[in-house]
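Enquirer: Please see the structure below; I have some questions.
The values are calculated or read from the model by the stated rules, or taken from the named source; none is laboratory data. Only a predicted model underlies this, so the values are computations on that prediction, with no experimental measurement involved. Using ideal geometry, Cβ is built from the backbone for each residue, glycine included, and neighbour counts are taken over all protein chains shown. In case anyone asks, the SASA skips ligands and DNA or RNA and just uses the protein heavy atoms, side chains included. Shrake-Rupley method; radii C 1.70, N 1.55, O 1.52, S 1.80 Å.
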Amino acid sequence: MALPLASREHPGFFLTFEGLDGSGKTTQLLRLVTWLHAQGLEPVQTRQPGGTLTGDKIRALLLDSKSANLSPLTELAMMFADRAQSIQEVIAPALDSGKIVVCDRFTDSTEAYQGGGRQLGSEIVLDLHRLICGNLQPDLTILLLPNLQASLARARRRNHKHTASTGNDENRFEAETDPFFQRVYDQYRAIAAREPLRVVAIEGDHSIEVVEARIIQAVASRLVQANLIKSNS
Ligand code: TYD
């Protein structure tokens, strides 16, 4: 078994996207992936939970609103089971071969949702991250924090439409209360304050184009530093 990336170096670049449900994160991630392709790069795109065959099964269990009474610790353990599989199968091999990995959510989501939202606290999340994920850290995290109420309204509308058209129920988190999401939001802000070098937080409401431009600027400057693109591209 390949060891989790622990503190060892890898020649790739690990980029994560974070934010509340309905924050526009996935739209922005797709735009960035398009931009990376235009730079001649071939990013590996994945998401959590999910992104592997086993992970997709874990995702279905976690997000289905019929998974009633899932205890917060069960939920936490399942998020890390999914992540261990994703690192082993997708993320570590790609980083080891020098690729850029773009991941929709990573351990910051667990710290925000299970640590903050479910009130398990940060320590258990960070301890598990060290034990299970070899403390693998993103090289850069884009955190989108638009207005909380507007994000939630968007997420709830979107997921009900999705359920009606596909029959897949992914509404368990969206059914949570506003105070739950306020705690998630506050924990995300705490992570950004704690790790300002890794986390680029874009707060407030802006047009899709303005947010996209800010993301490209942040990513481009890090990729130049990492010698993955030239400074004028
Ligand atoms: P998803 O449909 O991917 O949400 P979005 O499109 O908004 O990113 O659903 C993922 C849900 O799982 C989301 O509500 C956040 C939650 N989640 C956690 O609670 N903990 C985690 O560690 C991860 C990765 C996700």
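Enquirer: On a full-extension model of 0.36 nm per residue, what is the gain between LEU73 and ASN168, subtracting their alpha-carbon distance, rounded to one decimal in nm?
Expert: So the chain would gain 31.8 nm between LEU73 and ASN168.
Enquirer: Could you work out the local net charge near THR26, counting Lys and Arg as +1, Asp and Glu as -1, over the other residues with Cβ closer than 11 Å to its Cβ?
Expert: With Lys, Arg at +1 and Asp, Glu at -1, the net is +3.
Enquirer: Working out 0.36 nm times the residue gap between ASP127 and GLN149, then minus their Cα-Cα distance, what length gain in nm do you get to one decimal?
Expert: 4.8 nm
Enquirer: Which of these, THR52, THR16, THR177, has the largest mean-square fluctuation under a Gaussian network model of the chain (Cα springs below 10 Å)?
Expert: THR177
Enquirer: I've got another one for you. Can you list the aspartates and glutamates whose alpha carbon is less than 18 Å from that of LYS66, not counting same-chain residues fewer than 8 positions off?
Expert: Filter leaves ASP56, GLU75, ASP169, GLU170, GLU174, GLU176.
Enquirer: What lysines does LYS25 reach when the alpha-carbon gap must be under 22 Å and sequence neighbours fewer than 8 apart in one chain are set aside?
Expert: Those lysines meeting the cut-off are LYS99, LYS161.
Enquirer: I want the local charge near LYS99. Using Cβ-Cβ distances under 13 Å, sum +1 for each Lys or Arg and -1 for each Asp or Glu among the other residues.
Expert: Local net charge: -3.
Enquirer: Compare GLN187, GLN217, GLN88 in a GNM of the chain, Cα atoms joined below 10 Å, and give the one with the largest fluctuation.
Expert: GLN217
Enquirer: For the chain, what does the accessible surface come to per residue with a 1.4 Å probe? Please give it in Å².
Expert: 48
Enquirer: Show me 125-136, 98-109 ranked by packing, highest mean number of other Cβ atoms within 10 Å first.
Expert: Highest-to-lowest ranking by the protection proxy: 98-109, 125-136.
Enquirer: Based on the Cα gyration tensor of the chain, what are the three equivalent ellipsoid semi-axes, each the root of five times an eigenvalue, rounded to whole Å and given largest first?
Expert: 26, 22, 17
Enquirer: Still on this structure, I have one more. With a sphere of radius 14 Å drawn around the Cβ of LEU61, what net charge do the other residues whose Cβ falls strictly inside it have (Lys, Arg +1; Asp, Glu -1)?
Expert: Local charge sum for LEU61: -2.
Enquirer: Right, another one. Using amide H atoms built 1.01 Å from N in the peptide plane, name the residues 5+ places from ASN171, or on other chains, whose amide H lies under 5 Å from its own.
Expert: The answer is SER65.
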